[in-house]
Amino acid sequence: MSSSLPEQTKTPAPAGVFTLVITGAPYSSQAPQTALQFAHAVLAAGKRIDRVFLYGDGVHLASSLSTPPSDELNLSEAWSRFLTENAIPGVACIASALRRGLVDESEMQRYELSASNLRAPFEIGGLGEWVDSAASESRVLYFHKGG
């Protein structure tokens, strides 16, 4: 009896390329810290991160206004430094960001606000950025707020 399995038309994503999606807020969720530890391990293993996408409460990670107590890790600063040093794009979902009071210079002008608060190197982007990653050859990992 012969097995007639259909041929796979798309090869699986390579094991060495990742897109990280963070939905948990810093300091009320372990998601950003766990994702950062994972990201360091990925690069240490010689693998690559395509981009980091912030969604929902995860966009708080891109705020330049967060200032935790001096005895706590500043996750926003740590992520900013990690992304910059490794030339990895960081994208905050525009809808999530605007709902939570996170704006870049462009959105500040568009909505005639008095200030912007997006921490470099993060950028504001649409869900299309996430869709591009999900449709690419990278493996998408989610770091949720839990609960």
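May I ask which residue of Ala62, Gln33, Leu43 lies farthest towards the positive end of the charge dipole of region 31-84, with charges of +1 (Lys, Arg) and -1 (Asp, Glu) on Cβ and the Cα centre as origin?
With unit charges placed on the Cβ atoms, the residue in question is Leu43.
Suppose only helical runs count, i.e. DSSP H with n ≥ 4. What mean residue ellipticity at 222 nm does that imply for the chain under -39500 (n - 2.57) per run, divided by all residues and rounded to the nearest 500 deg cm²/dmol?
After summing the helix terms and dividing by the residues of the chain, the value is -9000 deg cm²/dmol.
Rank Ser63, Ser76, Ser116 by mean-square fluctuation in a GNM of the chain with C-alpha springs under 10 angstrom and give only the top-ranked residue.
The residue with the greatest mean-square fluctuation here is Ser116.
What percent of all Cα-Cα pairs in region 12-64 falls into each 10 Å bin, going from 0 up to the bin containing the maximum distance?
25, 49, 24, 2
By accessible area of protein heavy atoms, probe 1.4 Å, what ranking do Thr84, Thr19 get, highest first?
Thr84, Thr19
Using Cα-Cα distances under 8 Å and only pairs 6 or more residues apart, what relative contact order does the chain have, in percent?
Relative contact order of the chain: 34 percent.
Quick check: convex hull over the Cα atoms of region 21-123, volume per residue in Å³, rounded to an integer?
96 Å³
Pulled fully out, how much extra length does the chain show between His40 and Glu123, if you take 0.36 nm times their separation in residues and subtract their Cα-Cα distance?
That works out to 27.8 nm of additional length.
Only Lys, Arg, Asp and Glu count, each charged at its Cβ (+1, +1, -1, -1), so figure out the dipole size of the chain about its Cα centre, rounded to 20 debye.
Its charge dipole is roughly 320 debye.
Among Ser80, Ala95, Thr19, whose Cα lies farthest out toward the positive end of the dipole of the chain, if unit charges sit on the beta carbon of Lys, Arg (+1) and Asp, Glu (-1)?
Going by the charge dipole, the pick is Thr19.
Probe 1.4 Å, all protein chains in place: accessible area of Leu141 in Å², nearest 10?
Answer for Leu141: close to 50 Å² accessible.
Among Ala62, Ala45, Ala97, which one shows the highest mean-square fluctuation when the chain is modelled as a Gaussian network with alpha-carbon springs under 10 Å?
Comparing Ala62, Ala45, Ala97 in a Gaussian network model of the chain, the most mobile one is Ala45.
How do Asp132, Asp71 stack up against each other in accessible area, from largest to smallest, with a 1.4 angstrom probe?
Asp71, Asp132
Would you mind computing, in nm to one decimal, how far apart the modelled labels at Glu77 and Tyr111 are, each placed 7 Å from Cα along Cα→Cβ?
Here the modelled spin labels are 2.7 nm apart.
Could you order Glu85, Glu123 so the one with the most accessible surface comes first? Probe is 1.4 Å.
My answer, sorted largest first, is Glu85, Glu123.
Considering amide H positions built from the backbone, and no H for Pro or chain starts, which residues 5 or more places from Phe53, or on another chain, come under 5 Å of its amide H?
Leu20, Val21, Ile22, Val91
The values are calculated or read from the model by the stated rules, or taken from the named source; none is laboratory data. Treat the numbers as computed from the prediction; the structure is a model and nothing was measured. With ideal geometry, Cβ positions are generated from the backbone for all residues, glycine too; neighbour counts draw on all protein chains shown. Calculation scope for accessible area: heavy atoms of the full protein, side chains included, ligands and nucleic acids excluded. Shrake-Rupley method; radii C 1.70, N 1.55, O 1.52, S 1.80 Å.
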